[in-house]
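What follows is a set of notes on a single structure, which appears directly below.
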Amino acid sequence: MEIAAKYNPKQVEDKWYQYWLSKGFFRSEPDNRKPYTIVIPPPNVTGVLHMGHMLNNTIQDLLIRRARMSGKNALWVPGIDHASIATEARVVAKLKSEGIEKKDISREEFLEHAWEWKRKHGGIILEQLKKLGASCDWDRTKFTMDEDMSESVIRVFVDLFNKGLIYRGVRMVNWDPLAKTAVSDEEVIYREVRSILYYVNYPVDGENTFITIATTRPETILGDTAVCIHPRDERYHHLIGKKVYVPLVNRLVPIIEDEYVDMEFGTGCLKITPAHDINDYELGIKHNLESIDIFNDDGTLNEKAMVFVGRDRFKARELVIKQLRKEDLLLKQEDYINKIGYSERTDAVIEPRLSMQWFMKMQALGKPALDNVMNDSIKLIPAKFKNTYRYWMENIKDWCISRQLWWGHRIPAYYIGETNEFVVAETAEKALELARQKTGRPELKPEDLKQDEDVLDTWFSSWLWPVSVFDGIRNPDNPDIAYYYPTDDLITAPEILFFWVARMIMAGYEYRGDKPFKNVYLTGIVRDNTRRKMSKSLGNSPDPLQLIEKYGADGVRVGMLLCSPAGNDLLFDESLPEQGRNFANKIWNAFRLVNSWKAEPGLLPSEAARIGVNWFNERLKQAIAEIEEDFEQYRISEALMTVYKLFWDEFASWYLEIIKPSPGQPIDDHTLKATKGIFESLLKMLHPFMPFITEEIWHLLGERPANCSIMNEKNPVVITYDNEKIREFEVAREIVAFIRNTRSEKQISPKEKLALCIKASAWDDDFDAAIIKLGNLTEIKQVEDKIESAARFINRYGEFYIPLGDLHDQEEELRKLEKELDYMKGFLNSVMKKLSNEKFVSHAPEKVLKIELKKKDDAEAKIKSLEEHIANLKKRK
């Protein structure tokens, strides 16, 4: 078969992905093998592939592929999340573009539009992941609103309600006026912003005086029901027991005392708006204050505000300030930096608001989730996130689980008649039965019950993900959940550690009595080279599919992984996938070179080839061991760099140079077979990182049976390797580098043969043939005396000379030797500082101490040799 001169990623990737799918290589069913399981963090049904997805899913895929090649039954479960807020917003916008308002259609009609939108646009991201090479079991793809998944969610709600862990009540919530729904604390992003602190005068009842308060939210004045002072603040003792008029609405409210007030902030007086501030809400309960909600669901003012009704809250702020000035009640204003909460979903400014919602008690559920992360039953990688996790878990609050939306899992609470009395049940039929029992009214009909209008928070379905994808809620003893649970690794981002990962852990212990996963690998954030988070809104994020088109999927995968250690941000620019593409081209060109060699039967291997094969086999074993350790420690970038350097710097740059035949000459059969065997091992090591090119070359490298794939081959494993042989080759490589540098400095043609003389008490000539070939030498001979007029190289094994005759420049050599001597003295000084440090010597591992002592001995020997050589050169002058 003719091999293409240039690697064509697009052609190769499409071909092999369809092949993998057609052969069912990604499928998994329980069997006798050890399972390895990953559940995908389900992307939003509205989502399209971005750089964060690229990093996260590349890591998941390489872990799955490596597990598959380790002989495990590897399963990667894909799926998508129904994303209540985001999807509803998309559907509302679509309807609006068609002249339809949500308020003008029924819930059922809206849901028909939503499902139609999902059928047309949902799941695009999963198709895009296939371009990356994702080896998910697509037959197991789940959607959080699939019938079985929805049934699991409702069953859990009912169960937790019956356990007393879910309740309904009026509480202060985070209200998103754009989405018109409550959101949880974890879905609020706080940012420091430049605000204005307004100083407003409140007229004191019965006196011709004012009390001044400072606020950043003058529009909420309209809902004030008290002014609060500190009981020890002597400035205001004369006002205790008095009342003030709320500006603009002239509501008479009391002046109350509470130690909560910060006497140093503003004027030391606090306006109290129980309906629109969480702290004011607590004070309102404590002091039995009226609560006046002045906002509509969309953030406009309602009738209770009394003025500026129907105006947006921010427009109302402007109007309030204007009216305060007009009534001479605005004393002054000043710039102020404060933190404001924004909705994580819509980026709208959050409005604290009293609302009737459903909540879930978290403290009891949270205990095993905290304990089992702290004791490393579940490992966070990197471990630095444990402290942050502990802080959040120790300060956990009840979870607001209701959302004022139509798209999602409708809360299974049924109200009886026009009362607030309700029952909770999995179905309307069961609800009717419970309602009859609860009321003692057997005549109740289905139409006498009305289901709660709200849906559950999206996270209330995704917290069950590792259990529900295996139907572990409805069928807790089924073969899938018994075999695949707990899963192995979860790959996700630190920003959802709390409102997804922690909750999944809670659900795992509540419904399986076991952890949902063993390890949580936390990726960093993909940023541009100015450290800004990559996003389409900033215009600094490339299109991942265009990157794949330009650099190939393998190139992009390598680019994403080259510098992305766990928990650390990835500074991305296009030089990274370009480097990945270049590496793919290097692999392809190395294959073409090896494939071009013709073996001659009966030809014996050269001594250089024998040395090369023996050395590289040991170096290969060492690299396999290093990569194994890297994966055990989740050092994925380091593992890639090890195999990258092994292929590029050692296999392509040294090994192939040692064993390649002279131009036009055949190679011996033994060396060619050994080289193809080595190449195959390298392909297997590379496959999890670069699945497409490795599959292509593996099939071209030799005859393969039908219906096979490199992904089903076994990873190379190693027990021991010859470290001494590897070390000896390093010496040979240093000598070859010395020869090549000498040629470059003296402008000696690579074709001109040179001689190498060695002055050493003992010299092992095992690698001489390789040095002769790589250095293009006539011979290597041992000498007893130093050689004059020669290029010279010293290491711990001896002195090495290349006789130069008239090409030798004694003055230049003296300068180089003195420079080298200065360097070695500085190096020795740094080593001695370490060894004279008692703390270092007493605490350093024995292995580290031995390395430092060896550095000392080697440096001292080299300094002695350099000083002798410099002295001899000066004598000859």
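Laid out as a table, the results:
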{"item": "Sulfur and carbon atoms: percent of accessible area, the chain [1.4 Å]", "result": "49"}
{"item": "Sparse-neighbourhood loop sites, trypsin sites (Lys or Arg not before Pro) in the stretch 743-843 - DSSP loop, at most 14 other Cβ within 10 angstrom", "result": "LYS751, LYS753, ARG796"}
{"item": "Efficiency of FRET between PHE210 and ILE189 - r from beta-carbon atoms, R0 35 angstrom, step 0.05", "result": "0.40"}
{"item": "The stretch 518-561 and the stretch 92-135: distance between their alpha carbon centers, rounded to Å", "result": "26"}
{"item": "Within the stretch 3-32, backbone nitrogen closer than 20 Å to the virtual label 7 Å beyond the Cα of ALA706 toward Cβ", "result": "16-26"}
{"item": "Within-12-Å neighbourhood charge of TRP138 [Cβ basis; K, R +1; D, E -1]", "result": "+1"}
{"item": "Cβ-Cβ FRET estimate between LYS786 and SER749, R0 fixed at 22 Å, reported to 0.05", "result": "0.25"}
{"item": "Charge context of PRO442, other residues only, Cβ under 13 angstrom, K/R +1, D/E -1", "result": "+1"}
{"item": "Flagged links, alpha-carbon separation over 21 Å, of LYS834/LYS854; LYS786/LYS816; LYS746/LYS856; LYS94/LYS142; LYS825/LYS864; LYS361/LYS518", "result": "LYS746/LYS856; LYS94/LYS142; LYS361/LYS518"}
{"item": "Kirkwood-based Rg to Rh ratio, the stretch 109-170, C-alpha trace", "result": "1.14"}
{"item": "Using a Förster distance of 60 Å, the FRET efficiency for GLU418-GLU394 (Cβ separation, nearest 0.05)", "result": "0.90"}
{"item": "The stretch 436-455 versus the stretch 150-175: alpha-carbon centroid distance in Å", "result": "18"}
{"item": "Cα→Cβ-extended label distance, 7 Å offset, between SER97 and ASP139, nm", "result": "3.8"}
{"item": "Distance from the stretch 317-366 to the stretch 823-877 (C-alpha centre basis), Å", "result": "66"}
{"item": "Cα→Cβ-extended label distance, 7 Å offset, between ASP14 and MET356, nm", "result": "5.9"}
{"item": "Per-residue HN-Hα couplings for the stretch 348-361 [Karplus 6.51, -1.76, 1.60; θ = phi - 60°; Hz; x = Gly/Pro]", "result": "6, 5, 6, 10, x, 8, 6, 7, 7, 9, 9, 10, 10, 6"}
{"item": "Hydrodynamic radius (Kirkwood) for the stretch 68-204, which is based on Cα pairs only, to one decimal in Å", "result": "19.8"}
{"item": "Stokes-Einstein D in µm²/s, Kirkwood radius over Cα pairs - the stretch 538-669 at 10 °C with 1.306 mPa s viscosity", "result": "93"}
{"item": "Candidate lysines for bridging to LYS645, where Cα separation is under 18 Å - those fewer than 8 sequence places away on the same chain excluded", "result": "LYS586, LYS621, LYS684"}
{"item": "Proximal charge balance of ASN795 [Cβ under 9 Å; K/R count +1, D/E count -1]", "result": "-1"}
{"item": "Rg in Å to one decimal, and Dmax rounded to a whole Å, for the chain via C-alpha atoms", "result": "36.5, 121"}
{"item": "Per-residue [θ]222 nm for the chain (sum of -39500 (n - 2.57) over DSSP H runs n ≥ 4, rounded to 500)", "result": "-13500 deg cm²/dmol"}
{"item": "Two-decimal log10 I(q)/I(0) for the stretch 659-790, as the Debye equation yields it once each C-alpha is a single scatterer, q = 0.13, 0.21 Å⁻¹", "result": "-0.80, -1.25"}
{"item": "Mean accessible surface per residue for the chain, computed with a 1.4 Å probe while every protein chain stays in place, in Å²", "result": "46"}
{"item": "Against the rule of thumb 2.2 N^0.38 Å, how large the Cα Rg of the stretch 513-553 comes out", "result": "1.76"}
{"item": "Virtual spin-label span in nm between HIS843 and THR720, 7 Å along Cα→Cβ", "result": "3.6"}
{"item": "Contour minus Cα-Cα distance for LYS386 and GLU818 (0.36 nm per residue)", "result": "150.3 nm"}
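The values are calculated or read from the model by the stated rules, or taken from the named source; none is laboratory data. What you are looking at is a predicted structure, and each value in this text was computed from that prediction instead of being measured. Reconstructed Cβ throughout: ideal geometry from the backbone, glycine too, with neighbour counts over all protein chains shown. When the accessible area is computed, the model is the full protein with side chains, heavy atoms only, and any ligands, DNA or RNA have been set aside. Shrake-Rupley method; radii C 1.70, N 1.55, O 1.52, S 1.80 Å.
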